[in-house]
Amino acid sequence: MPLAEPARAGVIHDLGYQRYTGPRLGRRYAVLALYLHSLRTAFGLGRSAKAKIFPWIVVGLAFVVALVAVVVRSQTGIVFLTYLDYADRVEVPLLLFLAVVAPELVSRDLRAHVLPLYFSRPLRRSDYALAKLAAAVSAAWLLLAGPELLILLGAVFSQKNGWRGAWHEVTDFFGGLAYSAIIALVFASVALLVASLASRRAMAAAAIVGTFLVTAPVVGVLTVLGGTLRRLAPVLNPVSLVIGVKTELFHTKAGVDLGVYGPMYVAAAIALVITCGTLLVARYWRTGA
C-alpha cells in the first residue's frame, strides 16, 4: 500500500501590494471632493447621457426665458423681466429640478447602503450632510444665476445710457444674485431634508413636490379670510415666503402684502434654513444606514 503524500505547505504569492506612503489630504479635502462630486452629479456630469437629460432640459428652459427677455428688450426697449422677477418666473422649473436632483444626491446613497463607507473615512456625518446641502444650494443658485448673467449682458449692450446705465444694470444684477441665493437656500434646504428621509428616488421626488404644493391651498384659504391672517399666511409656504422676503429686503411693489410683518418673513426664512440644516445633520447622526 503506497504511503500518503505529505500535505503541501501553503504558498504566499507576492501580488505587489504596497503600503500607501503618499500625502494624506485629510478631512478638508474629502469634504471638498464630496461637494464637487455632488455638484457634478446635480447636472449629470460624469454620468450617463440618460442622467443628463432632465437637468439640462431645465437649464435650457431657464436660458430660453432669459433669452426671450433679452430679445424683447433689445427690440422694443421694454424691460420684460427684471433680475428679481426672473427668479420668481422660473421657480416651478427650479422646484422640479430640485425634486430630481435632491434624491440623486442623498437617496441613491441610502438605497445602495454606502454611507458606512463614507463614514469609515475622516469624513464626519455632519460633513457629509453639509457638503450635500452646499452642493444642492450651489446647483440651484447656478441654475438662476447663469440666465441672469445672460440678461445682464444683453441689457448692457442694448442700453443707451453709457457707463452710468451699465453700472445701474450691474447693481440690479447683484440684487438678483442675492435674491437667487435666498431662493436656493430655502428651496434646497427643504428639498434635501425631505429627500434624505426616503431611499427610493421616485418617492422622494413626489414628497418634495408635495411639501411645496400642499401648503399652497392652505395659504390661499387663510389669505381669503383677510385681516392679519392675510399677511401672516404666506409664511407657511416656501414659495410665498421667499417672495415676502424679496418684498421686505428689496422693497418691490409687487409681491406679498406684508404690513408691519416684513422682518418676520426674513426671520422665518432664516429659521427655516437653520432648522432644515440641523435636522439634516441630525438625520445622519441618528443612523448610518
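The values are calculated or read from the model by the stated rules, or taken from the named source; none is laboratory data. Everything quoted here is computed from the prediction, not taken from an experiment. For neighbour counting, all protein chains shown are included, and Cβ atoms are generated from backbone atoms with ideal geometry for every residue, glycine included. Ligands, DNA and RNA are excluded from the accessible area calculation, which covers all protein heavy atoms including side chains. Shrake-Rupley method; radii C 1.70, N 1.55, O 1.52, S 1.80 Å.
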Study note, to complete from the structure: Pairing a residue in segment 97-113 that is on the phi > 0 side of the Ramachandran plot with any residue that is open to solvent by 20 Å² or more (accessible area, probe 1.4 Å) and among the aliphatic types (A, V, I, L, M), where Cβ atoms lie under 9 Å and the two sit 6 or more apart in sequence or on different chains, gives His113/Ala289
Review point. Among the residues of segment 64-73, is there at least one that is in contact (Cβ under 8 Å) with a residue 12 or more places away in the chain, open to solvent by less than 60 Å² (accessible area, probe 1.4 Å) and under 25 Å from Gly44 (Cβ atoms)?
Key: yes
Revision key, fill the gap. By residue number, the members of segment 185-211 that are outside any helix (DSSP H, G or I) and open to solvent by less than 30 Å² (accessible area, probe 1.4 Å) are Ser196, Ala198
Practice item. Could you grab me the full set of residues in segment 49-59 that are more than 15 Å from the chain's Cα centre (by Cα) and open to solvent by less than 30 Å² (accessible area, probe 1.4 Å)? Key: Ala51
Review point. How many residues does segment 76-85 hold that are more than 20 Å from Tyr179 (Cβ to Cβ) and either open to solvent by less than 80 Å² (accessible area, probe 1.4 Å) or touching a Ser or Thr at 6+ places or on another chain (Cβ under 9 Å) (or both)?
Key: 1
Point to revise | Any hit, segment 104-113, residues being within 22 Å of Phe250 (Cβ to Cβ) and acidic (Asp, Glu) | key: no
